[in-house]
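Notes for the one structure printed next.
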Amino acid sequence: MVACPVAFRASPTVPMVASAEATLGRHLARRLVQVGVGDVFAVPGDFNLALLDHLIAEPGLRLVGCCNELNAGYAADGYARAKGVGACAVTFTVGGLSVINAIAGAYSENLPVICIVGGPNSNDHGTNRILHHTIGLPDFSQELRCFQPVTCHQVVINNLDDAHEQIDKAIATALKESKPVYISVACNIPSVSHPAFSHEPIPYCLAARKSNKMGLEAALQATVEFLNKAVKPVMVAGPNLRVAKAGAAFEELADASGYAVAIMPSAKGLVAETLPRYIGTYWGAVSTAFCTEIVESADAYLFAGPIFNDYSSVGYSFLLKKEKAVIVQPDRVTVGNGPTFGCVMMKDFLTELGKRVRKTKRNTTAYENYKRIFVPQGQPPESEPGEPLRVNVLFNHIQQMLTGDNAVIAETGDSWFNCQKLKLPDRCGYEFQMQYGSIGWSVGALLGYAQGASEKRVIACIGDGSFQVTAQEVSTMLRCGQKSIIFLINNGGYTIEVEIHDGPYNEELTAAIETATGLKQDCLCFIEVIVHKDDTSKELLEWGSRVCSANSRPPNPQ
């Protein structure tokens, strides 16, 4: 994960721009490059064609044509995970309403995605005309209204006088809030010259949010006193470490304190799993072995950036107590039952807390307790010749493949649980979409992530049902020359498959992996793995029953 840029970067001088380039389209393109966007994922349509011409013409900016708008949005999501910010470009309404599900997912995961829409001709607004690609009403605001709940800022640009200000504010807001934004540009103005675009965009800094010094000091004093009273405190990393850019500060605190360290499932990949006192994933009843017992029996737990929803809490079945918790969010800290200290930035807080606990006696009690009760998990039994392939065998092979030059993308479903058990080497990336859980997300996200992290070979684990939703984008991966490895885990029809052909599937898997990592190491590799329809992880069975129980609660008496 790469932190978002904090400034629009440009040379100290502000050179003149050739009149042919002094347009809104080139201004937007230059701004995208300045903040770190090198690829825009797009689907052409008649309302955005002129704008796309300007994006294509910008040095340092590549237009990646996608098969549909939903996939373009997923790709921008994946790119933002790799590079810190992503962008997609679609056409009005018919494209905008198609991409909106992906934008909603990016919003839920706190990803700065710039969604650019080619809008109607500026002369058509307010004319009572009905346009194609709309729902047949003369009011063109439907798309804007749909985007308002799933973006943190929206602009509709129909004239050039303040277009540069609107674009800059939207992009700056995306970076500051770490959320998607919506930019609609009338189709007839991207190519029009205007004095506002006669110079290179003037660089300006996005000021980092700072902690209130008194609030920070009060939060630190309360937390140190709270933790020093504890006998066996633990630390748990949450997904909001990403938006706070506080992963390194969390690791420094872990080193200084001596506390046992766990992660919430959606924080996997945000802190190193090679930390000396790392005990695994805390996910309630489906946690890594012995992790739940240590976390829930602690007399103090510091959660950094948690999101407690029905998925992460396994149907609200956590056995945690508020009075034992220090909850650190990106801009506030709550100690026990109170108080809450606002305007305290997580990165500042964790950094300073690390300095203070280092001066006191390190407390390794929880980790020592973990070592006392820990029993190593067994290896899956060796497969018999001709035995159908098992999922646990597959993931044992994937574990052996992983290095710091890889990243893992896990699709919604059983891949969540099987990938969660992988031990990530240092620098190995990891992404999945836990909060939104949109099936099919991983295919588009794989395209975007691999485009943004070309130095890594990405391994994606995708179920056959999810893959069918967005399979088209594999063609784009091929066109972009990507080298990812897709494991398609097909449990949809094993019974009939074995009747057609039963064979040495485990040997075939080994041979396929050897080919993918050897002769075809610079190619996109697709490995379909046929497994039994009931071959699921025990964690999925446990998690599913608990989430189902939470969903099926009867109405409370009114």
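Where q = 0.09, 0.11 Å⁻¹, what log10 of I(q)/I(0) comes from the Debye formula for the chain, counting one point per Cα? For the chain, the Cα-only Debye profile gives -0.74, -1.05.
Lysine pairs in the range 355-470 whose alpha-carbon atoms fall under 24 angstrom of each other, counting only those eight or more residues apart or on distinct chains, come to 5. For residue 281, the residues whose modelled amide H falls within less than 5 Å of its own, excluding neighbours fewer than 5 places apart on the same chain, are 263, 288.
Among the protein heavy atoms of the chain, carbon and sulfur supply 54% of the accessible surface, probe 1.4 Å, non-protein parts ignored. In terms of Cα atoms, the Rg and Dmax of the range 96-163 work out to 13.3, 39 Å. Stokes-Einstein diffusion for the range 224-333 at 4 °C, viscosity 1.567 mPa s, with a Kirkwood radius from C-alpha pairs, works out to 95 µm²/s. Our note on the geometry: Cα centres of the range 20-90 and the range 363-416, 38 Å apart. In the chain, helices alone account for a calculated mean residue ellipticity at 222 nm of -11000 deg cm²/dmol, with every DSSP H run of four or more residues adding -39,500 (n - 2.57). Protection proxy ranking for 67-80, 465-478, 237-250, using the average of other Cβ atoms within 10 Å per residue and placing the highest first: 67-80, 237-250, 465-478.
Structural descriptor for the chain: relative contact order 15 percent, calculated from alpha carbon pairs under 8 angstrom and at least 6 residues apart. Beyond 24 Å, how much of the Cα-Cα pair distribution for the range 59-147 remains, as a whole percent? Of all Cα-Cα pairs in the range 59-147, 26 percent lie more than 24 Å apart. Which percent, to the nearest 5, of DSSP beta bridges fully inside the chain are antiparallel? Once the DSSP bridges in the chain are tallied, antiparallel ones form about 15 percent. Could you tell me how far the Cα centroid of the range 537-558 sits from the Cα centroid of the range 298-313, in Å? Between the Cα centres of the range 298-313 and the range 537-558 lies a distance of 19 Å.
Is the C-alpha gyration tensor of the range 303-343 telling us rounded, prolate or oblate? Criteria: a/c under 1.5 is rounded; beyond that, a/b larger than b/c is prolate, otherwise oblate. Oblate.
Checking the a/c ratio against 1.5 first, then a/b against b/c, what shape does the Cα gyration tensor give for the range 142-209? Here the range 142-209 falls in the oblate category.
With R₀ set to 41 Å, the beta-carbon distance separating residue 515 from residue 541 gives a calculated FRET efficiency near 0.75. Rounded to the nearest 0.05, the FRET efficiency derived from the C-beta distance between residue 198 and residue 323 at R0 = 51 Å is 0.25. Anisotropy class assigned to the range 387-474 is oblate, per the alpha carbon gyration tensor with a/c at or over the 1.5 cut-off and a/b no larger than b/c. The packing ranking of peptides 165-174, 113-122, 183-192, highest mean first, is 113-122, 183-192, 165-174, where packing means the average number of other beta carbon atoms within 10 angstrom of each residue.
When peptides 437-449, 340-352 are ranked by their average number of other Cβ atoms within 10 Å per residue, the highest-first order is 437-449, 340-352.
Max-minus-min Cα coordinates of the range 172-301 on each principal axis give 67, 38, 21 Å, with the largest extent listed first. Taken per residue, the accessible surface of the chain reaches 42 Å², heavy atoms only and a 1.4 Å probe. A Stokes-Einstein calculation at 20 °C with viscosity 1.002 mPa s, built on the Kirkwood radius of the range 15-81 over Cα pairs, returns a diffusion coefficient of 170 µm²/s.
Rounded to whole numbers, the Karplus 3J(HN,Hα) couplings from phi for the range 410-415 are 10, 6, 4, x, 5, 4 Hz, using 6.51 cos²θ - 1.76 cosθ + 1.60 with θ = phi - 60°, and x at Gly and Pro. Computed across the range 361-428, the Kirkwood radius stands at 14.8 Å (inverse of mean 1/r, all Cα pairs). Near the amide H of residue 234, within less than 5 Å, lie the amide hydrogens of 300, 301, 302, all on another chain or at least 5 residues away, with H placed in the peptide plane. 3J(HN,Hα) along the range 125-142: 5, x, 9, 6, 7, 10, 10, 5, 6, 10, 8, x, 10, x, 7, 8, 8, 4 Hz, from the Karplus curve 6.51 cos²θ - 1.76 cosθ + 1.60 with θ = phi - 60°, whole Hz, x for Gly and Pro. Out of the DSSP beta bridges found with both residues in the range 329-481, what percent are antiparallel (nearest 5)? In the range 329-481, approximately 30 percent of DSSP beta bridges are antiparallel ones.
The values are calculated or read from the model by the stated rules, or taken from the named source; none is laboratory data. For clarity, every value in this text was computed on a predicted model and none was experimentally measured. As a convention, Cβ positions derive from the backbone with ideal geometry for all residues, glycine included, and neighbour counts pool all protein chains shown. Quick note on the areas: whole protein, heavy atoms, side chains included, nothing else; ligands and nucleic acids left out. Shrake-Rupley method; radii C 1.70, N 1.55, O 1.52, S 1.80 Å.
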